[in-house]
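Data first, discussion second: the structure below is written as structure tokens.
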Amino acid sequence: MIIDFHTHIFPETIRKNREKFFTGEPAFKLLYNSEKSKLAGADDIVSVMSEEGVDISIVFGFPWKNPDTARMHNDYIIASVGKYPEQLKGFCCVDPSWHGAADEVERCLEAGLSGVGELAFYNSGIDQDTIENLEPLMALCLEKEVPILIHTNEPVGHQYFPDNNLVLAHWGGGIFFYMHLKKEVKNTLKNVYYDTAASPFLYNTKIYRSALLLAGKDKILFGSDYPLLKPSRYFQEIEKEGLPEDDRAKLLGENAANLLGILDRENNK
């Protein structure tokens with residue numbers, strides 16, 4: 001089973017009129033101002049999955065500052081999962097600084113979504129205010145036993161809610177290196193996973209072998225960051241690196257299936 005843990009899809013109204021959503025959304029404008037920055041929909045990703053041999057994709061939207069835009073986008077994720085229940089699992093996305101952000105997360109989880117993300121803090125970084133804003137979301141996700149995926153280019157430390165299952169995108173900025181410290185960090189990162197999103201742009205292929213060794217074979221999740229890149233780009237790199245078959249199986253799907261309880265649900269059918 002191959003599971004792509006990191007993909008983005010957008011509703012048609014945003015795909016066809018992206019410039020209308022730039023106002024008050026500097027991060028969205030920065031990332032998608034160019035028409036070369038692709039915006040994909042649910043039908044697009046399911047088609048690519050069929051071509052590339054991906055069984056399940058985790059889809060999410062964008063951490064909009066405007067709560068109404070975020071709710072509309074989350075509704076699209078919910079509808080997409082409903083349309084393609086075998087191929088897609090959805091995460092909801094919010095800006096934790098909103099009043100009522102946890103309520104939106106709870107609404108989405110009750111509607112059948114499987115986690116929260118990709119949360120990002122492009123302007124503030126992960127400062128003390130961000131930590132405080134995250135607390136009710138983390139408490140809810142801990143209660144519901146669902147993972148949270150966080151965009152990581154920012155420093156990560158002991159404040160990162162060690163009891164929650166966290167997925168740090170883009171290899172977690174290499175934080176798994178600190179697993180070799182003897183004190184504190186290893187326990188802090190015990191429930192942290194790392195996805196491979198954008199890896200071909202950021203690292204050479206040795207990152208796969210290094211991460212499996214340092215972070216642990218059960219903690220790496222394949223994520224393509226589609227439509228930024230197609231899954232086959234990663235498959236080629238993984239093949240080039242010559243990973244053992246059992247390591248490849250864990251990285252490409254088994255770890256994600258265990259984290260989301262997919263195998264448990266399949267076995268209980």
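Just to verify a result, which residue in segment 1-36, among those that are free of Cβ contacts under 8 Å to residues at least 24 places away in the same chain and in contact with a helix residue (DSSP H, G or I) (Cβ under 6 Å, 6 or more places away or on another chain), is farthest from Leu260 (Cα to Cα)? Residue satisfying both the conditions and the ranking: Phe22.
Only residues that are closer than 10 Å to Asp195 by Cα and modelled with pLDDT under 85 were counted across segment 145-172, and they come to 4.
Being over 21 Å from Glu51 (Cβ atoms) and of a type in the set (A, V, I, L, M, F, W, C) holds for only one residue in Ala211, Ala198, and it is Ala211. Scanning segment 188-211 for residues that are in contact with a strand residue (DSSP E or B) (Cβ under 6 Å, 6 or more places away or on another chain) and either within 11 Å of Trp171 (Cβ to Cβ) or not β-branched (Val, Ile, Thr) (or both) returns Tyr193, Tyr194, Asp195, Ala197, Ala211.
The set of residues in segment 187-207 that are of a type outside the set (Val, Ile, Thr) and assigned to a helix (DSSP H, G or I) comprises Asn187, Ser199, Pro200, Phe201, Leu202, Lys206.
Looking across segment 208-250 at every residue that is among the aromatic types (Phe, Trp, Tyr) and assigned to a helix (DSSP H, G or I), the one that is surrounded by the fewest Cβ atoms within 10 Å (Cβ to Cβ) is identified as Phe235. Taking every residue in segment 235-262 that is closer than 30 Å to Leu142 by Cβ and pairing it with any residue that is assigned to a helix (DSSP H, G or I) and not charged (D, E, K, R), at least 6 positions away or on another chain, the pairs with Cβ-Cβ distances below 7 Å are Asp247/Leu212; Ala257/Leu263. Per the listing Tyr208, Tyr193, the residue uniquely touching a residue at least 60 places away in the same chain (Cβ under 8 Å) and farther than 21 Å from Ile9 by Cβ is Tyr193. For segment 1-47, give me each residue that is of a type in the set (D, E, K, R), within 19 Å of the chain's Cα centre (by Cα) and not in a loop (DSSP other than H, G, I, E, B). Within segment 1-47, Asp4, Asp44 meet the criteria. Total residues in segment 173-203 satisfying the condition of being of a type in the set (Gly, Ala, Ser), surrounded by fewer than 23 Cβ atoms within 10 Å (Cβ to Cβ) and either closer than 16 Å to Leu251 by Cα or at pLDDT below 65 (or both): the figure is 1.
Okay, residues lined up against (1) aliphatic (A, V, I, L, M); (2) within 18 Å of Ala169 (Cα to Cα):
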residue: Asp44; (1), (2): no, no
residue: Gln87; (1), (2): no, no
residue: Ala111; (1), (2): yes, no
residue: Leu119; (1), (2): yes, yes
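Scoring Ile45 on the criteria (1) under 30 Å from Glu245 (Cα atoms); (2) loosely packed, with under 14 Cβ neighbours inside 10 Å leaves a single failure, condition (2).
Screening Gly41, Gly61 for residues that are within 15 Å of Pro227 (Cα to Cα) and touching an Asp or Glu at 6+ places or on another chain (Cβ under 7 Å) leaves exactly one candidate, Gly41. Does Glu52 qualify as being surrounded by fewer than 15 Cβ atoms within 10 Å (Cβ to Cβ), modelled with pLDDT of 95 or more and closer than 27 Å to Ala256 by Cβ? Answer is no for this residue. Checking Leu30, Leu88, Leu39 one by one, the residue that is hydrophobic (A, V, I, L, M, F, W, C) and more than 29 Å from Gly253 (Cα to Cα) is Leu30 and no other.
The values are calculated or read from the model by the stated rules, or taken from the named source; none is laboratory data. For clarity, every value in this text was computed on a predicted model and none was experimentally measured. Heads up, the Cβs are rebuilt from the backbone with ideal geometry, glycines too, and the neighbour counts pull from every protein chain shown.
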